[in-house]
Structures are given as C-alpha cells and as structure tokens.
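Notes to accompany the following structure.
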Amino acid sequence: MAEDPLYHDARLARFYDLDVGWGADRDCCLNLARDVGSVLDLGCGTGALAVRIGAETRAEVTALDPAAAMLDIARAKPGAERVNWVQGDARSVDLGRCYDLILMTGHAFQVFLTAEDRARCLATIARHLAPSGRFIFDSRNPAVREWEEWRPDLSRRQLDAPELGRIEAWNDVHWVSVVRVFRTSWAV
Ligand SMILES: C[S@@+](CC[C@H](N)C(=O)[O-])C[C@H]1O[C@@H](n2cnc3c(N)ncnc32)[C@H](O)[C@@H]1O
C-alpha cells in the first residue's frame, strides 16, 4: 500500500482539519461513545473525534494512525492527553486487549484497496472487539458517483489557514480503476 503524502507530509497534513470539518457523522460516533467503557479509533488522522470522545465521555480512548504527521497534529490538540495515541497499521496492529467500540471514520476503511488488505484490517477489528462490542465505519456510496465532482472546476474552494492566510483547495481524479483514487490539492 503506497503512503499517501496527504497524511504523511506535514506540509499537507496541516490543511486536513481546515478542509474536513465536524459533521453529523462524527456526532453520531461521539454519541455512540457516551455509553461505553473503551473506544478504539482506527485511522484517527488528526484526532478530532478521539479528542472530543476523550473530553466528553468517560470512555478510555485509544487512537491509531500510521501517519506521524497526522498524529503530531492530534497530540498537539487541547485535551489530547486524555487519549492514548498509537502509531501503527490497522492491518497488523495487536494492542493485546479488546474495546467496546471500534470506529473507522472519514472513509478510513477505504484506504484499503485490495481484498487482502481489507481482510487483514477486519481481522484486526475481530481481534480487538469485545464480545458485545460494536464496529462502526463509513464508506462512500458509489451510486452517488461523488468522484464526478472531484474536478478542479467543480471543487475549487477557499480556506483560511492561520499562518498562511487564504489558500485555494481543489480535488482532481488522478487514476481510475475498479476503485477510484482521488487527490486533494492545496495552493497557497
Ligand atoms: C481520510 S483520513 C480519515 C481520518 C479520520 N478518521 C477522520 O475522520 O477525519 C484516512 C486516515 O487513514 C489513515 N490510514 C492510512 N492507512 C492506514 C492503515 N494502514 N491503518 C490505519 N490507518 C490508516 C491515514 O493516515 C489517514 O489519517
């Protein structure tokens, strides 16, 4: 699996939170975490959800991502000390314990482009899920054909970056196969 510079390059990762805001999907996961004792956030990215779960629930929270650049942003957030941050790969990690709730949000499950990678991730989830636990993940609905809007002319937008001022962002499809891979670009 190739490393995506969007997550691994600190110069790009710093734009993630500007472009991906809090939404109803995260509210739903936060509410599910209110009644459990432990949560594992796989592919936590910049940790927006894990930090809120840590701050607003009594759950013990572990959040995992392979990308150091994303975890650096997560660890710097207020309240980050309530979360156990792990740099690791959801296809192979073994934390040696189980969780009541496992989350994979922001379409993180869709980073796995092969059946083998998906099976390995599901095996990780099976290994870490408590007997009556829940695994919640999201996936794009292919019937909506979202990728047709991932064109610079349809997706160009402006974002306000604290240290840089106004920046432009757009999406572009770079490679099309059975699965489609898209790239987001940011220009200062
Ligand atoms: C679209 S982001 C979603 C981040 C976060 N869950 C959210 O809702 O904003 C996808 C995340 O999956 C992570 N990721 C990529 N490969 C992974 C792997 N093998 N195991 C776990 N996470 C992975 C990326 O580093 C990235 O942070």
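The values are calculated or read from the model by the stated rules, or taken from the named source; none is laboratory data. The structure displayed is predicted, hence computed values, not measured ones. Cβ sites come from the backbone with ideal geometry, for glycine too, and all protein chains shown count toward neighbours. Only protein heavy atoms, including side chains, enter the accessible area calculation; ligands, DNA and RNA are left aside. Shrake-Rupley method; radii C 1.70, N 1.55, O 1.52, S 1.80 Å.
Starting from residues that are within 13 Å of the ligand (Cβ to nearest atom) and open to solvent by 40 Å² or more (accessible area, probe 1.4 Å), keep the ones in region 23-57 and report whichever is nearest to the chain's Cα centre (by Cα).
Restricting to residues being within 13 Å of the ligand (Cβ to nearest atom) and open to solvent by 40 Å² or more (accessible area, probe 1.4 Å), the top hit is ASP25.
Please find, among ARG145, ARG151, ARG134, ARG140, the residue that is loosely packed, with under 15 Cβ neighbours inside 10 Å and touching a residue at least 60 places away in the same chain (Cβ under 8 Å). Give the steps one after another, and end with the answer.
Numbers: ARG145 fails: touching a residue at least 60 places away in the same chain (Cβ under 8 Å); ARG151 fails: touching a residue at least 60 places away in the same chain (Cβ under 8 Å); ARG140 fails: touching a residue at least 60 places away in the same chain (Cβ under 8 Å).
After ruling out the rest, the residue left standing is ARG134.
Only one residue in ASP17, ASP117 is closer than 21 Å to PHE135 by Cβ and touching a residue at least 24 places away in the same chain (Cβ under 8 Å), so which one is that?
ASP117
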